[in-house]
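S.K.: Before anything else, here's the structure in question.
The values are calculated or read from the model by the stated rules, or taken from the named source; none is laboratory data. What you see is a predicted model, and the numbers here were worked out from it, not measured in a lab. Here the Cβ positions follow ideal geometry from the backbone for every residue, glycine too, while neighbour counts run over all protein chains shown.
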Amino acid sequence: MNIFLIGYRGSGKTSVGGSLSHITGWSFVDTDLQIVKELGMNIYDIVEKKGWDYFRKKETAVLKSLCKHDKQIVATGGGIVLNKENTLNMKNNGKLVWLKATFETVKLRIMQDGKTKEYRPPLTSKELDEEIKETILLRKPYYEEAMDFSIDTDKLDIDGVCKAVMTNLRF
């Protein structure tokens, strides 16, 4: 079994994933960082040079490769659930935990993250506030359908989120 962390950018998937890895002793993989490693360029440049379609295809390939292994904590890209094949692969290989965050929390975390430009290229041509609101609304049904359970991360620190995940998984 693997634990797949899904949710919008800035919901805490990478931070929580690293902590869960330490707690469980399982390996930790971030699909976005794996893509960066394999292609030798940051996500912003990948999207700028090759486009979102190319990035999404690479994301699917990376996920398929990861699903061949067991006992991993996997932080996924925020849009991974948009592809039903990805959702099925994750469901067949583990539990999906939706890390939920409100617009305000997501915006704050994105603004505080020094790596936003490299790892969070714009998804649309809209202003940040509008993009976040629209994309959260658009993706919500995908996260709801994919998840095994969700954790509201707005008022929890990383340890609190990890405890909630472990409790739900009965570790």
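S.K.: Being of a type outside the set (Ser, Thr, Tyr), farther than 26 Å from LYS140 by Cβ, assigned to a helix (DSSP H, G or I) and free of Cβ contacts under 8 Å to residues at least 60 places away in the same chain: is that true of LYS37 here?
M.R.: On the way: of a type outside the set (Ser, Thr, Tyr): yes; farther than 26 Å from LYS140 by Cβ: yes; assigned to a helix (DSSP H, G or I): yes; free of Cβ contacts under 8 Å to residues at least 60 places away in the same chain: yes.
So LYS37 passes the test.
S.K.: Something else: Which condition number does SER65 fail, the rest of (1) assigned to a helix (DSSP H, G or I); (2) among the polar types (S, T, N, Q); (3) in contact (Cβ under 8 Å) with a residue 24 or more places away in the chain being met?
M.R.: (3)
S.K.: Picking from PHE28, PHE55, which residue would you name as being surrounded by 16 or more Cβ atoms within 10 Å (Cβ to Cβ), more than 22 Å from MET147 (Cα to Cα) and among the aromatic types (Phe, Trp, Tyr)? Don't jump to the end; show me each part of the working.
M.R.: Working: PHE28 fails: more than 22 Å from MET147 (Cα to Cα).
The conditions single out PHE55.
S.K.: Another one. Given the criteria at pLDDT below 95 and part of a helix (DSSP H, G or I), does ARG56 qualify? Give the steps one after another, and end with the answer.
M.R.: Working: at pLDDT below 95: no; part of a helix (DSSP H, G or I): yes.
Against the criterion (at pLDDT below 95 and part of a helix (DSSP H, G or I)), ARG56 does not qualify.
S.K.: So ASP53 clears everything in (1) over 17 Å from the mean Cα position of the chain (by Cα); (2) more than 24 Å from ILE136 (Cβ to Cβ); (3) not β-branched (Val, Ile, Thr) except one condition, right? Which one?
M.R.: Here ASP53 meets the rest and fails (2).
S.K.: Can you tell me which residue in the range 130-143 is nearest to PHE103 (Cα to Cα), limited to those that are touching a Ser or Thr at 6+ places or on another chain (Cβ under 8 Å) and at pLDDT 95 or above?
M.R.: TYR143
S.K.: Do you know which of the residues in the range 1-22 that are surrounded by 20 or more Cβ atoms within 10 Å (Cβ to Cβ) and hydrophobic (A, V, I, L, M, F, W, C) is nearest to ILE80 (Cα to Cα)?
M.R.: Applying the filter and picking the extreme gives ILE6.
S.K.: Restricting attention to the range 82-109, report how many residues are surrounded by fewer than 16 Cβ atoms within 10 Å (Cβ to Cβ), of a type in the set (A, V, I, L, M, F, W, C) and over 22 Å from GLN72 (Cα atoms).
M.R.: The qualifying residues number 2.
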